[in-house]
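This report concerns only the one structure given below.
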Amino acid sequence: MIDEKNIYFRLTSAVAAFVVIAVFVTAWLLIASREFPVLEADDPHGETLDLSDVDFDNTLVNLPNDWQWYPEKFLLNSDFDDAGEWSYFAETPDSEKVKFGTHRLELQLQPDKIYSICGYSIDYSTRIYANGVAAAQSGVPSETSETAVPRINYLEFPVVSDSEGKLELVIHYSNYWHRDGGGIGSLYLSFPENIRRFNRYSDLPVMLLCGGLLMFCVYYALLGALRRKNENIMLAFCCIIFALRNQNFYVKMLIPPEYNWFVHYRLTVVYIALMPFAVLMLICAMYARERLAERLPTAVFCTVTALLVAVTFLLPTTVTSYLGDITAYCAAPFALYALYSAVNKCVKSKHIGRVDILTIVGITILGIGFAFEMRFNRSLPAVTRAGVTPMCMLAFIMIMAIVQSVRSMEDERALEISRQREKMLEQINAANSDFFRKITHELKTPLTVISGYAQLNARRVMRGIDSQKTLEELDTVRSEAERLAEMVTKLAEYSYGKKSEASMTELSVPELCEEAAGILSPICAKRGNRLLLGSICDKTVCGNRELLLQVFINLVVNANRHTECGVIKISAEFQKMSGETEFIVADDGNGIPDEVRAHIFEKGYSADGSSGLGLTICEDIMKTHGGSIRLVSTSADGTVFAFRVPCR
């Protein structure tokens, strides 16, 4: 029987986990879908951007990315008068190879107003001036790599328009450490309260998403430690890797403003590089029993990934930026190999279960996220900073919670089936043991009769006595030998899986009783007992000769065991009311103790060291004949058993 309480507990746990994740996803969607009024400013084409009519009380302005760009120059205030021609950074070929430069944007705002600007600094060191006054800085931009210090931060700083409403923004940047950089990202302008509110709106879904992933990381790590399952450990690893991939979370909320860029940049590369590795190892751990990937390909893939991670901390940062792509390319052959193995196993087994379908859906969601990031990682700043894979990972975890629940229930059912199979085997073994005990019990009686008559006649021959009784006793020996041979034949048929029904014939009651007395007299004589025939009705019963003789043998042998130098009597009476013949076996032995009487027909129960099967066999034989057996009476003066067999 399946443990319904355990399955109910597992199902309840899975539903609870699913509900928690669903609440996280729903809350994230609701918060992320809230729209803050943002005005996309037009490109001023090198002229002053007029924002004096914008209602900054209710609106943010996303400043354009195309500012006046002066390559390899740090300019400020009057320097622009003699700076010569400028260009657009995005339209200039190989602009990202320029190591340092200046961006400039002139704004027309409301006079003498305090505004705030927020956004990420330029990759990879930035200093910002507002009307010639330093307003914010990230790292140290310089004309030489020796004095420059790289760093990226999310900046929020105040600016003030002059009495005419003019605001000149100048950004100095330098990039000696990466193949990309130098371009301006999204910068937002509004009144300070709006900027703070906008940042809260932006940070809340990030905290909910990545904080949720970290929470699930702790949950699955503890679950893996308790259950000792690699798939839970790998799920925890995936959660933390995908959470740290979101730079809005990592840069804005985790690391301090004055951090070591070289260390944290390499860590970011490692996080991104390990994402496909973590997912593939998770899939292999989930299908460890199916051996989705052999040890050698897995070991090669892990070794290559470990070498790439190690190289990340050894090579210059201008080279490590390529390692994320290289790791993805290295993961592709292993992913194809795992996919081939999975398809091959499904084809061979001709079965795709619910777990496989759910896993395929989850992997597909992650695959779409990876493909989207690889396609738009450099062209869309939102993808570069935050990506879409953390959200895909949360959806994947939701599916994996269902998968683990289904697999747990399937494992529980398999375990219960295994337990039932073991219980069935134990019952079969017990039945076999019981069968052989009964066979031994039945074989012992004819062997005892044969041995007794053989010894008796051997003594007569030695004395030279030869009589008609000797011939009768030898005939009894022959009859018992035939009965023994028939038992062996039935045993052989049983061993080959054949089942023979007991044949019922018409049997004379007097002849049956006389035959039983002839078989059992020598056995009784060994203990000085006499076996007598009492009143025998002249009737015919319908039964199996060997089985009914076995009933007599078992009852008389039991009576003989508890009687010494006494009398055992067999009699038979016809019962008119029921139309049955009642056979009676009575002795004058010491009787059956009171505490034993209630158990005499229980299989294996014995108070005198015997097998405890004799009366059980008698009861089974009577059921076969449609009759019954009972203990009539027992006392210190003797015991009486009776069994009834239907007449012809």
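The values are calculated or read from the model by the stated rules, or taken from the named source; none is laboratory data. Everything numeric here is computed off the predicted structure, so don't read it as measured data. Glycine also receives a Cβ, built like all others from the backbone with ideal geometry; neighbour counts cover every protein chain displayed. With ligands, DNA and RNA removed, areas are computed over all heavy atoms of the protein, side chains included. Shrake-Rupley method; radii C 1.70, N 1.55, O 1.52, S 1.80 Å.
Contact list please: Cβ distance under 8 Å, first residue in region 67-78 and on the phi < 0 side of the Ramachandran plot and surrounded by fewer than 20 Cβ atoms within 10 Å (Cβ to Cβ), second residue of a type in the set (Gly, Ala, Ser) and part of a helix (DSSP H, G or I), pairs at least six apart or on different chains.
From region 67-78, the pairs are 71/95.
Which pairs do you get when a residue that is under 17 Å from residue 640 (Cβ atoms), found in region 594-607, comes within reach of a residue that is not acidic (Asp, Glu), reach meaning Cβ atoms under 6 angstrom, with the pair 6+ apart or on two chains?
Every condition considered, the pairs that remain are 596/607; 600/615; 601/615.
Could you please find all residues in region 370-413 being among the basic types (Lys, Arg) and open to solvent by 60 Å² or more (accessible area, probe 1.4 Å)? Don't jump to the end; show me each part of the working.
Residues of region 370-413 among the basic types (Lys, Arg): 375, 378, 385, 407, 413.
Matches in region 370-413: 375, 378, 413.
Tell me the residue from 336, 425 that is open to solvent by 60 Å² or more (accessible area, probe 1.4 Å), at pLDDT below 80 and either hydrophobic (A, V, I, L, M, F, W, C) or within 26 Å of the chain's Cα centre (by Cα) (or both), please.
On the way: 336 fails: at pLDDT below 80.
Selected residue: 425, the only one of 336, 425 that is open to solvent by 60 Å² or more (accessible area, probe 1.4 Å), at pLDDT below 80 and either hydrophobic (A, V, I, L, M, F, W, C) or within 26 Å of the chain's Cα centre (by Cα) (or both).
So that you can scan it fast, the table gives a plain yes or no per residue for (1) on the phi > 0 side of the Ramachandran plot; (2) in contact with a Lys or Arg (Cβ under 9 Å, 6 or more places away or on another chain); (3) modelled with pLDDT under 95:
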residue: 105; (1), (2), (3): no, no, yes
residue: 110; (1), (2), (3): no, no, yes
residue: 116; (1), (2), (3): no, yes, no
residue: 119; (1), (2), (3): yes, no, yes
residue: 124; (1), (2), (3): no, yes, yes
residue: 127; (1), (2), (3): no, no, no
residue: 132; (1), (2), (3): yes, no, yes
residue: 146; (1), (2), (3): no, no, yes
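Just a yes or no: is a residue in region 78-90 farther than 20 Å from residue 180 by Cβ, at pLDDT 90 or above and assigned to a strand (DSSP E or B)?
Checked against the condition, which is being farther than 20 Å from residue 180 by Cβ, at pLDDT 90 or above and assigned to a strand (DSSP E or B), region 78-90 yields no hits at all.
In region 174-223, how many residues are touching a Cys at 6+ places or on another chain (Cβ under 8 Å) and not polar (S, T, N, Q)?
If we filter region 174-223 for residues that are touching a Cys at 6+ places or on another chain (Cβ under 8 Å), which is where we start, we get 187-188, 195, 198-199, 213-214, 216-217, 220.
If we keep only those that are not polar (S, T, N, Q) as well, we get 187-188, 195, 198, 213-214, 216-217, 220.
Number of matching residues: 9.
Out of (1) surrounded by 12 or more Cβ atoms within 10 Å (Cβ to Cβ); (2) at pLDDT 85 or above, the odd one out for residue 24 is which?
Checking residue 24 against (1) surrounded by 12 or more Cβ atoms within 10 Å (Cβ to Cβ); (2) at pLDDT 85 or above, the one that fails is (2).
Applying the selection to region 598-623, what residues are part of a helix (DSSP H, G or I), surrounded by 14 or more Cβ atoms within 10 Å (Cβ to Cβ) and over 49 Å from the mean Cα position of the chain (by Cα)? Let's see the steps before the verdict.
Pass one, region 598-623, residues part of a helix (DSSP H, G or I): 614-623.
Subsequent filtering for residues that are surrounded by 14 or more Cβ atoms within 10 Å (Cβ to Cβ) retains 614-622.
Matches in region 598-623: 614, 615, 618, 619, 621, 622.
For residues that are outside any loop (DSSP other than H, G, I, E, B) and either under 30 Å from residue 259 (Cβ atoms) or open to solvent by 30 Å² or more (accessible area, probe 1.4 Å) (or both), tally how many sit in region 106-133. Write out each step before concluding.
Just the residues of region 106-133 that are outside any loop (DSSP other than H, G, I, E, B), to begin with: 106-108, 114-120, 126-130, 133.
Still in the list and also either under 30 Å from residue 259 (Cβ atoms) or open to solvent by 30 Å² or more (accessible area, probe 1.4 Å) (or both): 106, 108, 114-120, 126-130, 133.
The total comes to 15.
If residue 56 satisfies every condition in (1) modelled with pLDDT of 90 or more; (2) open to solvent by 20 Å² or more (accessible area, probe 1.4 Å); (3) more than 19 Å from residue 122 (Cβ to Cβ) but one, which is the exception?
(2)
Across region 518-562, what is the total count of residues that are outside any helix (DSSP H, G or I) and in contact (Cβ under 8 Å) with a residue 60 or more places away in the chain? Spell out how you get there, then give the answer.
Start the filter on region 518-562 by keeping residues that are outside any helix (DSSP H, G or I), which leaves 526-544, 562.
Those still in the list that are in contact (Cβ under 8 Å) with a residue 60 or more places away in the chain too: 526, 539-544, 562.
Total meeting the criteria: 8.
Out of 584, 629, which single residue is aliphatic (A, V, I, L, M), modelled with pLDDT of 90 or more and surrounded by fewer than 19 Cβ atoms within 10 Å (Cβ to Cβ)?
Numbers: 629 fails: surrounded by fewer than 19 Cβ atoms within 10 Å (Cβ to Cβ).
Exactly one residue qualifies, and that residue is 584.
For region 223-313, list the helices (runs of 4 or more DSSP H) that sit wholly inside it and hold at least 1 residues that are open to solvent by 60 Å² or more (accessible area, probe 1.4 Å), under 25 Å from residue 357 (Cβ atoms) and in contact with a helix residue (DSSP H, G or I) (Cβ under 6 Å, 6 or more places away or on another chain); which are they?
Working: elements: 230-245, 261-286, 295-312.
Once the helices (runs of 4 or more DSSP H) in region 223-313 are filtered for at least 1 residues that are open to solvent by 60 Å² or more (accessible area, probe 1.4 Å), under 25 Å from residue 357 (Cβ atoms) and in contact with a helix residue (DSSP H, G or I) (Cβ under 6 Å, 6 or more places away or on another chain), what remains is 230-245.
Do we have residue 168 as touching a residue at least 12 places away in the same chain (Cβ under 8 Å), among the charged types (D, E, K, R) and open to solvent by 60 Å² or more (accessible area, probe 1.4 Å) here?
On the way: touching a residue at least 12 places away in the same chain (Cβ under 8 Å): yes; among the charged types (D, E, K, R): yes; open to solvent by 60 Å² or more (accessible area, probe 1.4 Å): no.
Spelling it out, it is not the case that residue 168 is touching a residue at least 12 places away in the same chain (Cβ under 8 Å), among the charged types (D, E, K, R) and open to solvent by 60 Å² or more (accessible area, probe 1.4 Å).
Please enumerate the residues belonging to region 173-217 that are farther than 16 Å from residue 388 by Cα, polar (S, T, N, Q) and either open to solvent by 20 Å² or more (accessible area, probe 1.4 Å) or not in a loop (DSSP other than H, G, I, E, B) (or both).
174, 186, 190, 194, 199
Would you point out the residue of region 134-163, among those that are more than 56 Å from the chain's Cα centre (by Cα) and touching a residue at least 24 places away in the same chain (Cβ under 8 Å), that is most open to solvent (accessible area, probe 1.4 Å)?
Step by step, filter region 134-163, then rank; the result is 143.
Residue 341: under 26 Å from residue 210 (Cα atoms) and either open to solvent by less than 30 Å² (accessible area, probe 1.4 Å) or of a type outside the set (A, V, I, L, M) (or both), yes or no?
On the way: under 26 Å from residue 210 (Cα atoms): no; either open to solvent by less than 30 Å² (accessible area, probe 1.4 Å) or of a type outside the set (A, V, I, L, M) (or both): yes.
The answer is no for residue 341.
Could you please find all residues in region 240-269 being more than 24 Å from residue 200 (Cα to Cα) and either touching a residue at least 60 places away in the same chain (Cβ under 8 Å) or of a type in the set (Ser, Thr, Tyr) (or both)?
Residues satisfying the conditions are 261, 262, 265, 268.
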